[in-house]
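These notes are about the structure you will find just below.
The values are calculated or read from the model by the stated rules, or taken from the named source; none is laboratory data. This structure is a prediction, so every number in the text was calculated from the model and none was measured. Reconstructed Cβ throughout: ideal geometry from the backbone, glycine too, with neighbour counts over all protein chains shown. The accessibility values were calculated without ligands, DNA or RNA, using every heavy atom of the protein model including side chains. Shrake-Rupley method; radii C 1.70, N 1.55, O 1.52, S 1.80 Å.
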There are 2 protein chains.
Amino acid sequence: MAESWSFLDTFEPNFRPLVVIELAKGTKEETIEWFTKRIVDKKANGGEYSMIFCAQLLVKPLEMENGDEHIYLVGASHLRLLLGAENVGLVKECNDNSMRTFTYSSRKTFKDFADDNHNFLTMAECQYIIKHELENLRAKDEKMIPGYPQAKLYPGKSIVRRLLTSGILVQIFPLHDREELKKLRHSWYGRVKVGYQPLDEIRCYFGETIALYFGFLEYFTFALVPMAVVGIPYYVFAWEDYDKYVMFATFNLLWSTVILEVWKRICAIMTYRWGTLLMKRQFEEPRPGFHGVLGINPVTGREEPVYSSIKRQIRIYLVSLPFVCLCLYFSLYVMMIYFDLEQWALDYHEANESNFSSLMLFVPSIIYAVVIEIMNRIYRYAAEFLTSWENHRLESSYQNHLILKVLVFNFLNCFASLFYIAFVLFDMKLLRQSLATLLITSQILNQFAESLLPYWLQKRHKKKMKKRMCSLKTETDLPLVEQVNLEKEMGAYVGTFDDYLELFLQFGYVSLFSCVYPLAAVFAVLNNITEIYSDALKMCRVYKRPFAEPTANIGVWQLAFETMSVISVVTNCILIGMSPQVNALFTDSKTDLILTVALVEHLLLAIKFIMAFVIPDKPRHIQMKLAKLEFESLEALKQQVRATDTYNSEK
Amino acid sequence: MAESWSFLDTFEPNFRPLVVIELAKGTKEETIEWFTKRIVDKKANGGEYSMIFCAQLLVKPLEMENGDEHIYLVGASHLRLLLGAENVGLVKECNDNSMRTFTYSSRKTFKDFADDNHNFLTMAECQYIIKHELENLRAKDEKMIPGYPQAKLYPGKSIVRRLLTSGILVQIFPLHDREELKKLRHSWYGRVKVGYQPLDEIRCYFGETIALYFGFLEYFTFALVPMAVVGIPYYVFAWEDYDKYVMFATFNLLWSTVILEVWKRICAIMTYRWGTLLMKRQFEEPRPGFHGVLGINPVTGREEPVYSSIKRQIRIYLVSLPFVCLCLYFSLYVMMIYFDLEQWALDYHEANESNFSSLMLFVPSIIYAVVIEIMNRIYRYAAEFLTSWENHRLESSYQNHLILKVLVFNFLNCFASLFYIAFVLFDMKLLRQSLATLLITSQILNQFAESLLPYWLQKRHKKKMKKRMCSLKTETDLPLVEQVNLEKEMGAYVGTFDDYLELFLQFGYVSLFSCVYPLAAVFAVLNNITEIYSDALKMCRVYKRPFAEPTANIGVWQLAFETMSVISVVTNCILIGMSPQVNALFTDSKTDLILTVALVEHLLLAIKFIMAFVIPDKPRHIQMKLAKLEFESLEALKQQVRATDTYNSEK
């Protein structure tokens, strides 16, 4: 890259702002100077390590109305971005339609590449590259951040992370592209149309993680349609024959296995097209919150905080695990109180029937709903605190532990009362009622809290901002200043966690008790159609643009959905076994009934596992392409070894 | 490698024979000349493809008493072997105790490497390298094997494989090293000692696949000891309390999960030490039997036979699958006839009691045992034929399909009668009896048929050979000629399949009905101790030395054992539920009993899955070492890209 780096000039005529850096107001001059210098300075040629002390990006202060300079715009020259794309290991399509890891030296072989085509990298990719470069800016020999002696540094520590944790850096976020966004909005939800979402465009604008979520949401909605279609006649004709219910449940259970397996294939097709399926996992740096005694990382040999794994295990198994169990117990306890209250309200209503008493009938449900919501929130904070306290070194491991904690608790909180009604009270009518109530209210509340409320707040805020801006119409680049000021006040999108969680719980409502309430799938489909629109609105209008995050699959959620589908085999078999129609068939022997149910359940589980085993996770043509790439890289390795040898022997 | 290859001289003063090639008697001169020339010729420098037309090995004809030259010894110079080690991607230990892929240019960094140390590569590794080089000898522009117009060739076809399929090449096998073998025998089973097997030495001599089998056998035996110890008092004191049985079964089920998970860790430790855990998977060539229309392989772009995957799927699902099902049905049918016969013999005995009638009681069992054996053999042939007819491109996929077919059938054949006795006849006493009989007789028969019989045959053959050789004591290199003549007549070791199958069935006997017959583990332990010795004897004395085969785990057997342990949870729960002691506890309600049993079963299964999920497959220190290597390779890649760029820009 020797010549390539020296090509780079720090100033380009056409500076395109990509990322905004907001420093705290009143940040010391020397700090700003040092930081911008590190961002702008040329990378030295030579050792690998010197590459990471300077980013060689472009920085421009955003001139505010009051002359305050605490917001900076970061961009990069086209060449710099291409080199950065190589650094992050971006995979792009070649001229021969195969996907390959981009390298600057082989740039001519890539599709749509031209030295003057600045659209070769999407804006989301450019922003991802800049974020990566900024986060990888490392301290050289500074002991602290200049001007802030309390903000300690050590060689190799990410500067941006230290600036963030010490509050000097308020936020870094990518800018929206007004024009692109408008186009995207139009094709996504702007016109009334029947058809798929523009997933490729969403991916270009928001990155793979978010596009994959919308892809999954869409796929899941389509996958629920057969269930909904099969379920409608049960409701319309009020079918109550046991054989029809068994048919429906069996169809549902096998169908849920099929859709989860097929999703893996569709996901592979999509992420292959996007290049993330092939993207090599980068070496994961410690997460910002990770702390420990400064030591030598045995893997990298670099100086960084180290924290004993045994201590972490102790924290997980001796503190977090008991705490989660306690919370689960407490949640069950609250549920029991709710049922007691319910019973008490019923008794009270029967004893002295009045308007007041019939109103009292609703009180327990309302109290319970509120308490559940409060518990969910408190627990979420506790889970985040505990997982953070467990001090995971990697963000991925932190996320997995957090998701596991939250999932288990949410599962119990949402479904415990249904399980209780179904398998302790044996009240199918109440179960159907509760299920419908829970499903529909949770969907309405979610839609409201997730999108419409923030959208309304955002609109109000925008109006206020506009008013303020109107008074200063004289500035030259007002639109950009206005845009930055608007966007920096927008809420930050916290990731796809809550969206997936919602889908996960919905999947639970649909599949766990599918044979009792076949209509659940219909409501889920209706909800998801509006969900797509409200989520799209949320992404485009309400939140700050998030940084793109390359990803190859939906990760731990695949496992979560699969586990749910296994649990639903068990629940559905029990429900069918308990139904009066089936019981009527086995009048003489209850034992036979239970044995039959157990046998059917085991058979279904076996079929599920065999199906999951037999259906390949990747479609054949993707497998072939991956095999081809692997073969080529093996051949290239052989060639390279030979070439290096020749080169060495020629020396 | 330019200079390296030219270093190589075809003749070395100290030729060490490693591999024997036996051609058919009366093979045409021109064929022999052409074949040996291809083996000996220098590899041309230049394009990758030209590397595979010649092997640059050493060949020497073995002079027989009658002057017949149809057996050839193959060796290679030390340098050639080192270059070959790089070709096959061997992983060796470095001076800093880390494991790295060997390359000739970095040879000095490896432990124990010295230019004159010919023991750097073990003999098994050398033989593996030679086998790899021979198998990779490819046709250049020959249309057929010279002298045999019917043996067609096409560019890129493996010459050795065509020679083998057309019968010109009788066999290729590696030579034993008498001295090493003696040492190995002594430390393995030569002296009476308590201790572990010399697995590292076994691996050096026989390669990783076989060492891993013996490692698993040893580990499995040790893992069974706790079960055996816990099981003995049940037999001695004739414990029949239900709580003790439940305890034993629970212990067994959880224990079997633990041992299977721990094995993965131990396996990772071993294969890391041996280097195979890190060995990159080589690109798999089509298996010898694979045929199809000549076309272009879409993955490699090379000309080779291609066969449509859809055709193969059709053959698998429309022919093989129904056939297997039919066989399973037939096997069940035969079992039912056996039970009828048994009943008839019993009736006959009761009707006219005599010596003849009591003898008649044994007849059904004997007939059934013989029929099972015959069915097993016929089925094995049918399975091999079918799997071969399915025309799998890769050896690994052929093996997987074959193993699956044989496993399912053997499982049913061995356990169907026990299942019938347990869950249809409900006769626990008969079950215990049958289990004991089946287990013990199968063990005795196996030991006899597997090792002692071939050993005896081999000994007889050796004596005959010795007599013949004695008459020609004049030849110079008689010992070598004698050795080759002896070894070429020895049976070929067909792989670890049957050995693993035996262990798998044993695991079934021990775990499926563990709560009925706790003594099974004791017999299994006793059998396995002698099995280690008899298998060792078999490897060292009876069979031809097999080629070493690098492997990182026991492959599909891990899955098979895990599946068996899941099935055994189900069977044990049912057995306990059926026991009269447990039934006595639930006198008033059989329903409660069944529900309790089902609940316990689901809990146990859940615990199993959680345990399998929580226990990491690789120990932490291995994980760290792997992470370190991955980090280093990522860093090296970055460096290399930069270096190549610098090199290109300097040009």
Subject >> Residue list for region A:1-40, filter: surrounded by 15 or more Cβ atoms within 10 Å (Cβ to Cβ), modelled with pLDDT of 60 or more and of a type in the set (D, E) >> reply: A:E22
Original post:
So which residues in region B:388-446 are among the small types (G, A, S), open to solvent by less than 30 Å² (accessible area, probe 1.4 Å) and over 21 Å from B:V370 (Cβ atoms), if there are any at all?
Top reply: B:A422
**OP:** Being touching a residue at least 60 places away in the same chain (Cβ under 8 Å) and within 11 Å of chain A (Cβ to nearest Cβ) is the filter here, so list the residues in region B:574-600 that pass it.
**Re:** B:I574
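Name the residues in region B:303-335 that are more than 14 Å from chain A (Cβ to nearest Cβ) and touching a residue at least 60 places away in the same chain (Cβ under 8 Å), would you? Show your work before the answer.
Of the residues in region B:303-335, the ones more than 14 Å from chain A (Cβ to nearest Cβ) are B:303, B:305, B:314-315, B:318-319, B:322-323, B:326-335.
The answer is B:E303, B:R315, B:V319, B:F323, B:C327, B:L328, B:S331, B:L332, B:M335.
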**OP:** Using the structure shown, decide if B:Q127 is under 23 Å from B:E69 (Cα atoms), touching a residue at least 60 places away in the same chain (Cβ under 8 Å) and in contact with a Gly (Cβ under 9 Å, 6 or more places away or on another chain).
**Re:** yes
Original post:
Looking only at residues in region B:365-403 that are within 19 Å of the chain's Cα centre (by Cα) and among the acidic types (D, E), which one is modelled with the highest pLDDT?
Top reply: B:E384
**OP:** Could you tell me whether any residue of region A:169-177 is free of Cβ contacts under 8 Å to residues at least 24 places away in the same chain and more than 22 Å from the chain's Cα centre (by Cα)?
**Re:** no
Subject >> Flag if A:T276 is hydroxyl-bearing (S, T, Y), under 30 Å from A:F120 (Cβ atoms) and either out of contact with any Gly (no Cβ under 7 Å at 6 or more places or on another chain) or open to solvent by less than 60 Å² (accessible area, probe 1.4 Å) (or both) >> reply: yes
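Residue by residue through region B:106-130, note down the ones that are closer than 23 Å to B:F547 by Cβ and open to solvent by less than 40 Å² (accessible area, probe 1.4 Å). Quick ask: steps written out before the conclusion?
Step one: of region B:106-130, the residues closer than 23 Å to B:F547 by Cβ are B:118-130.
Matches in region B:106-130: B:F120, B:L121, B:T122, B:M123, B:A124, B:E125, B:C126, B:Q127, B:Y128, B:I129, B:I130.
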Subject >> Selection from region B:542-559 of residues that are more than 14 Å from the chain's Cα centre (by Cα) and within 14 Å of chain A (Cβ to nearest Cβ) >> reply: B:L559
Original post:
Which number in (1) open to solvent by 70 Å² or more (accessible area, probe 1.4 Å); (2) at pLDDT 85 or above marks the one condition that A:I594 misses?
Top reply: (1)
Subject >> Complete set of residues in region B:601-612 that are touching a residue at least 12 places away in the same chain (Cβ under 8 Å) and either away from chain A (no Cβ under 12 Å) or aromatic (F, W, Y) (or both) >> reply: B:L604, B:I607, B:K608, B:M611, B:A612
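When you check A:F237 against the structure, is it of a type outside the set (S, T, N, Q) and closer than 30 Å to A:G167 by Cβ, yes or no? Can you show your working first?
Values: of a type outside the set (S, T, N, Q): yes; closer than 30 Å to A:G167 by Cβ: no.
Considered against the rule, which asks whether it is of a type outside the set (S, T, N, Q) and closer than 30 Å to A:G167 by Cβ, A:F237 comes out as no.
Out of B:R178, B:R203, B:R185, B:R191, I need the residue that is modelled with pLDDT of 90 or more and among the basic types (K, R). Which one? Spell out the reasoning first.
Working: B:R178 fails: modelled with pLDDT of 90 or more; B:R185 fails: modelled with pLDDT of 90 or more; B:R191 fails: modelled with pLDDT of 90 or more.
The conditions single out B:R203.
Yes/no per residue for (1) open to solvent by less than 10 Å² (accessible area, probe 1.4 Å); (2) more than 30 Å from A:V510 (Cβ to Cβ); (3) touching a His at 6+ places or on another chain (Cβ under 9 Å):
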site: A:A151; (1), (2), (3): yes, yes, no
site: A:I159; (1), (2), (3): yes, yes, no
site: A:T165; (1), (2), (3): no, yes, no
site: A:Q171; (1), (2), (3): no, yes, no
site: A:K183; (1), (2), (3): no, yes, no
site: A:G195; (1), (2), (3): no, no, no
site: A:D200; (1), (2), (3): no, no, no
site: A:R203; (1), (2), (3): no, no, no
site: A:F220; (1), (2), (3): yes, no, no
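Being part of a helix (DSSP H, G or I), crowded, with 16+ Cβ neighbours inside 10 Å and not small (G, A, S): is that true of A:Y509 here?
Values: part of a helix (DSSP H, G or I): yes; crowded, with 16+ Cβ neighbours inside 10 Å: yes; not small (G, A, S): yes.
Spelling it out, A:Y509 is indeed part of a helix (DSSP H, G or I), crowded, with 16+ Cβ neighbours inside 10 Å and not small (G, A, S).
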Original post:
Is region B:235-246 home to any residue that is crowded, with 20+ Cβ neighbours inside 10 Å and away from chain A (no Cβ under 14 Å)?
Top reply: yes
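If you take the residues in region B:613-627 that are open to solvent by 40 Å² or more (accessible area, probe 1.4 Å) and closer than 14 Å to B:V262 by Cα, which one is farthest from the other protein chains (Cβ to nearest Cβ)?
Looking only at region B:613-627, we keep the residues that are open to solvent by 40 Å² or more (accessible area, probe 1.4 Å), and these are B:613-618, B:620-621, B:623-626.
After this cut, where a residue has to be closer than 14 Å to B:V262 by Cα as well, the list is B:613-618, B:620.
Values: B:F613: 9, B:V614: 10, B:I615: 12, B:P616: 11, B:D617: 16, B:K618: 14, B:R620: 6 Å.
For region B:613-627, the residue satisfying everything is B:D617.
Quick check on this structure: which one of B:Y213, B:Y234, B:Y219 is more than 21 Å from the chain's Cα centre (by Cα) and among the aromatic types (F, W, Y)?
Details: B:Y213 fails: more than 21 Å from the chain's Cα centre (by Cα); B:Y219 fails: more than 21 Å from the chain's Cα centre (by Cα).
Result: B:Y234 is the single residue among B:Y213, B:Y234, B:Y219 that is more than 21 Å from the chain's Cα centre (by Cα) and among the aromatic types (F, W, Y).
In this structure, is B:L212 closer than 23 Å to B:C515 by Cα, open to solvent by less than 50 Å² (accessible area, probe 1.4 Å) and either part of a helix (DSSP H, G or I) or of a type outside the set (A, V, I, L, M) (or both)? Let's see the steps before the verdict.
Details: closer than 23 Å to B:C515 by Cα: no; open to solvent by less than 50 Å² (accessible area, probe 1.4 Å): yes; either part of a helix (DSSP H, G or I) or of a type outside the set (A, V, I, L, M) (or both): yes.
Answer is no for this residue.
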Subject >> Members of region B:81-120 that are part of a strand (DSSP E or B) and among the aromatic types (F, W, Y) >> reply: B:F110
**OP:** Within region A:99-132, work out how many residues are in contact with a helix residue (DSSP H, G or I) (Cβ under 7 Å, 6 or more places away or on another chain) and within 14 Å of chain B (Cβ to nearest Cβ).
**Re:** 6
Original post:
Any idea how many residues of region A:515-574 are modelled with pLDDT of 90 or more, part of a loop (DSSP other than H, G, I, E, B) and over 17 Å from A:G495 (Cα atoms)?
Top reply: 0
**OP:** Inspect region B:260-270 for any residue being out of contact with any Pro (no Cβ under 7 Å at 6 or more places or on another chain), of a type in the set (G, A, S) and away from chain A (no Cβ under 14 Å) and give the result as yes or no.
**Re:** no
